[in-house]
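First the structure, in the form of structure tokens, and then the observations on it.
The values are calculated or read from the model by the stated rules, or taken from the named source; none is laboratory data. Owing to the predicted nature of the structure, the values given are computational and were not obtained by experimental measurement. Neighbour counts are summed over all protein chains in view; Cβ atoms, including those assigned to glycine, are modelled from backbone coordinates with ideal geometry.
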Amino acid sequence: MNHAKFVLPLLLAALPARAADPIRLTPGRMPRIATVDPRYQSFNIEMVEVTGGRFWAPYRTTPPTHETPPGAKLATPGIDPSLFRYRPPLDLANARLRKLAAALAPSYMRVSGTWANSTYFHDSDAPAPKSPPPGFGGILTRAEWRGVIDFSRAAGAPIVTSFTISDGVRDRNGVWTPDQARKFLAFTRSAGGHIAAAEFFNEPSFASMGGAPKGYDAAAYGRDFRLFRTFLKQTSPDTLLLGPGSIGEAGALASFPLIKSADMLTAEGPGLDAFSYHFYGTVSKRCASMDPSMQTTPQAALSEDWLSRTDRDRAFYQALRDRFEPGKPLWLTETGETACGGNPWAATFLDSFRYLDQLGRLARSGVQVVIHNTLAASDYALIDEDTLTPRPNYWSAWLWRNLMGTTVLDPGSAPAPPVHLYAHCLRGQPGGVAVLAINTDPSAAHQLATPSAADRFSLTAPELTSGTVQLNGRELHLGSGDSLPELKGGAAPAGTVTLAPASITFLAFRSAENASCH
């Protein structure tokens, strides 16, 4: 469906007053305000993609390519099964997928998700059972996990994961036991792999929907987490311990029954290596039945209300970090357009404004790592799962990776929307500065005043809901042999730079001589 025809009029009606004067940039004098992890921009591959199973059903109405085979792994704890469709395991040996992931390196590759909470690790080279053992919802084989390790190496993306916490790993008193986790880590080492960082389990704030035992509460979490922390530090001491990995307490999901992070953190005591949380602005159309008031629309995609939600949740969890784990790094270990697989427009240029604005906001606020959901599954993925064609958000990620370094700068101006400005040291260029300028105004151009020449990289699309994107007026696509295009900017002379309506522009000032960037 072409949303652009009705998105534009409603966006125009909500526009703020436009600034008459150009916004002045002084790249050489922008001070350092933060630094981010070299793997700041990362991606998630759901555990159910690795094992095969039921994941979010596509919006398209064509018949599914794959029906559920006999004995398939159906890990959908606590959620309406009609929302899902069986998918075979993702081919992590695919050369194009590996090439596209490697082009975003260095990054982290998180393999987790709700399904990971109930996955049984079949620690044998013998054929796996056709159905999961009692207490589990899915099966992960050695071959499948070996494929993850190989992909991690090929993509330059160390593994971040979580562990099983369902009834299958609990003793007669309902207490978590480490037998499955021990086998999983031992095989990972024997296969030449390494877990760089791990959460105990996925989204414990929604434990009841994530496969935890009935009645699971903060006290039970604290008891289990302390056992897990001791186990991890003894068994894999160089793995970063992340947590709690909660979601939704500051936003639309706060109305649902959940375990409060403050109660979990009180129960578990200090000892995290980094404080992690998850964020989605709301849920997609798939989950409208959960609460119709939680829906968003394509008309809201460029609004400050929508874009600023990432600040709201970050501030909430940052305050908890400061209270319980002061000074620890802050990681956003899962995020995307909306929960429940994303809306239809998550796969279009319209969502690239959120994607890049979120990276800019969180880096400015000191968040160290942002892991986007997903690499290649469902509508919020960076890559189309059927064709493995890069989507607009992939090209946005590719530009960020090539231009935005780890040192975050103050751009010197804080104009009100519709122009959002972010600045980093230019990647790979001592003294250079990269500026990201996002014009969310769909009807008017805005201007920047620059003291020196720059290379310009502007993303636009014929329609906001286009599934393709243009760089400096030319559509981005893979070339022969799946080669990525040459990253070549257009000339932006000193003076005035015009930001086209509804556009995203990176400016690379290669000779800024910024002292913070040497």
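Couple of notes before you dig in:
- Qualifying residue in segment 394-412 (condition: more than 25 Å from Ala319 (Cα to Cα), charged (D, E, K, R) and touching a residue at least 60 places away in the same chain (Cβ under 8 Å)): yes
- Among the residues of segment 401-416, those identified as surrounded by fewer than 23 Cβ atoms within 10 Å (Cβ to Cβ) and closer than 27 Å to Glu475 by Cα are Arg401, Asn402, Gly405.
- If you go through segment 481-518 and keep only what is surrounded by fewer than 17 Cβ atoms within 10 Å (Cβ to Cβ) and of a type in the set (Val, Ile, Thr), you end up with Thr496, Thr498.
- Test: residue in segment 365-382 that is at positive phi, of a type in the set (Gly, Ala, Ser) and assigned by TED's automatic domain parsing to the domain that holds Ser308: yes
- Residue list for segment 199-213, filter: on the phi < 0 side of the Ramachandran plot and either out of contact with any strand residue (DSSP E or B) (no Cβ under 8 Å at 6 or more places or on another chain) or aliphatic (A, V, I, L, M) (or both): Ala207, Ser208, Met209, Gly210, Ala212
- Among the criteria (1) within 25 Å of the chain's Cα centre (by Cα); (2) surrounded by fewer than 24 Cβ atoms within 10 Å (Cβ to Cβ), the one Thr141 does not fulfil is (1).
- You will find that of Pro244, Pro213, Pro237, Pro204, the residue that is of a type outside the set (A, V, I, L, M), surrounded by fewer than 21 Cβ atoms within 10 Å (Cβ to Cβ) and within 28 Å of Pro134 (Cβ to Cβ) is Pro213 and no other.
- Elements of the type strands (runs of 3 or more DSSP E) sitting completely within segment 92-149 and holding at least 3 residues that are within 30 Å of Gly405 (Cα to Cα) and modelled with pLDDT of 95 or more: these cover 109-112.
- When segment 252-279 is limited to residues that are among the polar types (S, T, N, Q) and crowded, with 21+ Cβ neighbours inside 10 Å, the one that is farthest from Gly342 (Cα to Cα) turns out to be Ser261.
- Only one of the listed residues (Tyr221, Tyr280, Tyr216) is assigned by TED's automatic domain parsing to the domain that holds Gly341, modelled with pLDDT of 95 or more and in contact with a Gly (Cβ under 7 Å, 6 or more places away or on another chain). That residue is Tyr280.
- A residue that is in a loop (DSSP other than H, G, I, E, B), at pLDDT 95 or above and among the acidic types (Asp, Glu) can be found somewhere in segment 32-41.
- Matching residues, segment 188-205, being assigned to a helix (DSSP H, G or I) and closer than 23 Å to Asp273 by Cβ: Thr188, Arg189, Pro204, Ser205
- Residue within segment 256-264 that is in the same structural domain as Phe201 (by TED's automatic domain parsing), part of a loop (DSSP other than H, G, I, E, B) and at positive phi present: no
- Filter result for Leu478 (surrounded by 16 or more Cβ atoms within 10 Å (Cβ to Cβ) and part of a loop (DSSP other than H, G, I, E, B)): no
- Breaking point among (1) in a loop (DSSP other than H, G, I, E, B); (2) at pLDDT 95 or above, for Val50: (1)
- Segment 211-247 - residue that is touching a residue at least 12 places away in the same chain (Cβ under 8 Å) and of a type in the set (D, E, K, R) and, of those, farthest from Lys328 (Cα to Cα): Asp217
- Restricting attention to segment 269-326, the residues that are among the polar types (S, T, N, Q) and assigned to a loop (DSSP other than H, G, I, E, B) total 7.
- Residues considered: Leu409, Leu421, Leu448. Of these, the only one that is farther than 28 Å from Arg96 by Cβ, among the aliphatic types (A, V, I, L, M) and touching a Cys at 6+ places or on another chain (Cβ under 9 Å) is Leu409.
- Flag for Ser112 being under 28 Å from Val36 (Cα atoms) and hydroxyl-bearing (Ser, Thr, Tyr): yes
- Of residues in segment 396-415 being out of contact with any strand residue (DSSP E or B) (no Cβ under 7 Å at 6 or more places or on another chain) and of a type in the set (A, V, I, L, M, F, W, C), the one farthest from Pro106 (Cα to Cα): Ala414
- Boolean, Asp179 is farther than 23 Å from Tyr277 by Cα, charged (D, E, K, R) and free of Cβ contacts under 8 Å to residues at least 40 places away in the same chain: yes
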